[in-house]
Amino acid sequence: MLCDDPKCLCHPRREKPFQKLELVLRGSNSEQFCRLDQPGAQLDVIFDLIDNTMILRETVEDPDDREATYTICLTIDTKDMEFLNLKGLPNNSLLLSLRLRSSFCAATGKNKLPYKEKYQRFSPHCFQSKLYNEFYHCDWSQQHLELRLPAERIKGWKTVALILKTFKRISAENWCHIMGIKKPPGVAGLEWMAMESELMLEKEEPSPSRTPDEEKAMHFLIEQKKAKKEARKQALRIKC
């Protein structure tokens with residue numbers, strides 16, 4: 001029997017709403033816009049850092065029988081996509097932006113895209129998959145994907161490292177370093193392409209120019225090394 005105190009442990013905890021992934025497909029103009037997530041369906045994504053692929057999976061439920069489902073999985077190679085950015089939103093969610101290659105957007109491009117389908121139990125209804133109908137059969141000349149990963153569905157910087165390694169934005173050494181960070185901060189405020197640009201500028205910065213005296217000293221040291229090498233060669237010739 002339950003007591004009158006709603007905070008008491010005898011009361012069952014309320015189930016938290018399941019946070020769903022949001023996936024948007026955009027074209028070259030404002031009219032070309034499509035939400036690929038839909039009510040009654042669940043989207044999932046898998047980042048494979050070994051094969052460098054991204055797997056999109058949609059499971060559509062039967063409205064009358066929740067155990068009857070239709071699942072489709074699309075495997076996209078990262079070479080068919082251009083990494084645009086990875087941002088950390090204020091609520092610690094992640095927003096991944098991608099552009100599909102023009103060859104992949106063509107009518108014959110997605111025909112090579114491997115996919116798997118699975119039906120669970122019989123259903124008299126016809127399952128409608130947006131991932132298949134709206135994305136797989138999309139023929140827009142330009143296609144951009146925007147994937148929002150809720151904070152409740154990710155592991156902070158570990159997910160960031162997984163995504164970046166899958167798209168070859170970081171090395172294996174950097175991936176290990178990020179994975180090993182203890183008590184990392186939240187991902188809010190992350191903007192990877194801005195960070196990457198700053199790192200590239202630091203690498204490209206020329207070394208400060210030497211003064212005339214430093215140039216003379218460096219020339220003297222180089223000439224000294226040359227003289228020592230020549231002396232060693234002469235000594236070896238005399239011994240022979």
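So for the stretch 159-168 (the condition being within 22 Å of residue 57 (Cα to Cα), in contact with a helix residue (DSSP H, G or I) (Cβ under 6 Å, 6 or more places away or on another chain) and part of a helix (DSSP H, G or I)), does at least one residue qualify?
Taking every residue of the stretch 159-168 in turn, at least one turns out to be within 22 Å of residue 57 (Cα to Cα), in contact with a helix residue (DSSP H, G or I) (Cβ under 6 Å, 6 or more places away or on another chain) and part of a helix (DSSP H, G or I).
Only residues that are within 19 Å of residue 122 (Cβ to Cβ) and in contact with a strand residue (DSSP E or B) (Cβ under 6 Å, 6 or more places away or on another chain): list them for the stretch 42-67, please.
59, 60, 61
Any residue that is aliphatic (A, V, I, L, M), at pLDDT below 95 and either more than 18 Å from the chain's Cα centre (by Cα) or farther than 30 Å from residue 184 by Cα (or both) - is there at least one of those in the stretch 33-46?
Yes, the conditions are met somewhere in the stretch 33-46.
Looking at residue 155 and the list (1) surrounded by fewer than 18 Cβ atoms within 10 Å (Cβ to Cβ); (2) more than 30 Å from residue 183 (Cα to Cα), which single condition is not satisfied?
So residue 155 meets the others, but not (2).
Within the stretch 90-141, which residues are aliphatic (A, V, I, L, M) and either in a strand (DSSP E or B) or loosely packed, with under 11 Cβ neighbours inside 10 Å (or both)?
Pass one, the stretch 90-141, residues aliphatic (A, V, I, L, M): 94-96, 98, 100, 106-107, 113, 131.
Listed by number, the residues that qualify are 94, 95, 96, 98, 100, 107.
Considering (1) closer than 30 Å to residue 151 by Cα; (2) out of contact with any strand residue (DSSP E or B) (no Cβ under 6 Å at 6 or more places or on another chain); (3) not β-branched (Val, Ile, Thr), say which one residue 102 fails and leave the rest.
The failed condition is (1).
Only one of 165, 225 is at pLDDT 90 or above and farther than 20 Å from residue 91 by Cβ. Can you tell me which? Give the derivation first.
Values: 225 fails: at pLDDT 90 or above.
It is 165.
Which of the residues that make up the stretch 21-32 are surrounded by 10 or more Cβ atoms within 10 Å (Cβ to Cβ), assigned to a loop (DSSP other than H, G, I, E, B) and either at pLDDT below 90 or in contact with a Phe, Trp or Tyr (Cβ under 8 Å, 6 or more places away or on another chain) (or both)?
The initial filter retains those residues of the stretch 21-32 that are surrounded by 10 or more Cβ atoms within 10 Å (Cβ to Cβ), namely 21-28, 32.
Those left that are additionally assigned to a loop (DSSP other than H, G, I, E, B): 21, 27-28, 32.
Once the filter is applied, which keeps residues that are surrounded by 10 or more Cβ atoms within 10 Å (Cβ to Cβ), assigned to a loop (DSSP other than H, G, I, E, B) and either at pLDDT below 90 or in contact with a Phe, Trp or Tyr (Cβ under 8 Å, 6 or more places away or on another chain) (or both), the stretch 21-32 yields 27, 28, 32.
Given (1) within 15 Å of the chain's Cα centre (by Cα); (2) over 19 Å from residue 193 (Cα atoms), identify the lone condition not met by residue 98.
So the condition that residue 98 fails would be (2).
The values are calculated or read from the model by the stated rules, or taken from the named source; none is laboratory data. Only a predicted model underlies this, so the values are computations on that prediction, with no experimental measurement involved. Neighbour counts run over all protein chains shown; Cβ positions are idealised from the backbone, glycine included.
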